[in-house]
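Here the structure is laid out as structure tokens; the discussion comes afterwards.
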Amino acid sequence: MTRLTFTVAALGLMTAIPSLQAETHRYAPQVFYDMASAAHPPALRIKSGDRVVTTTVDASGVGADGKALATGANPQTGPFYVDGAEPGDLLVISIDKLEPNRTTASSSPIITPQAVDAKFSSNRDATRVPWTIDKAKGVVRLDL
């Protein structure tokens, strides 16, 4: 649903490997996963300091063109493999630009049952609520 540009820095690698040149990668996702798992193959291999320009789908798996591209709740773009990063390293992700690609959106007015005790949200109305996105002004308005 959005265009995303971010930079990755693996602390300790920036000084340990100073000769590496940072690159900008343009990644068009073809596969989305709805859970983080080391079993998923890397979508892209990057180095510390590299920039990635990519897109995401919305929480329902719908892309910018309104077509379903993924199934499951909250599909994720990636995973990205950072060359030289070791278990326990701290990765710093800087989001340089996050840009919506639609003028409308919707969301649930309740917390998802997977996030809290099911008794908390099981009896609530799950009707989607609409939003209007004004990209020029950088404003999002809840339309109730």
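Looking at (1) open to solvent by 60 Å² or more (accessible area, probe 1.4 Å); (2) in a loop (DSSP other than H, G, I, E, B); (3) not aromatic (Phe, Trp, Tyr), find the lone condition where SER37 falls short.
(1)
Scan the stretch 1-34 residue by residue and report those that are in a loop (DSSP other than H, G, I, E, B) and modelled with pLDDT under 85.
MET1, LEU11, GLY12, ILE17, PRO18, SER19, LEU20, GLN21
Might you check whether a residue that is at pLDDT 65 or above, over 30 Å from ARG51 (Cβ atoms), open to solvent by 50 Å² or more (accessible area, probe 1.4 Å) and of a type in the set (A, V, I, L, M) occurs anywhere in the stretch 83-91?
No, the stretch 83-91 has no match at all.
So, of the residues in the stretch 43-77 that are without any contact (Cβ under 8 Å) to a residue 40 or more places away in the chain and open to solvent by less than 30 Å² (accessible area, probe 1.4 Å), which turns out to be farthest from GLU99 (Cα to Cα)?
This residue is ILE46.
The values are calculated or read from the model by the stated rules, or taken from the named source; none is laboratory data. Everything numeric in this text was worked out from a predicted model, so none of it was measured. In this analysis, Cβ positions are derived from the backbone assuming ideal geometry, glycine residues included, and neighbour counts consider all displayed protein chains. Each accessible area value is taken on the protein alone, full model and side chains, heavy atoms only, with ligands, DNA and RNA left out. Shrake-Rupley method; radii C 1.70, N 1.55, O 1.52, S 1.80 Å.
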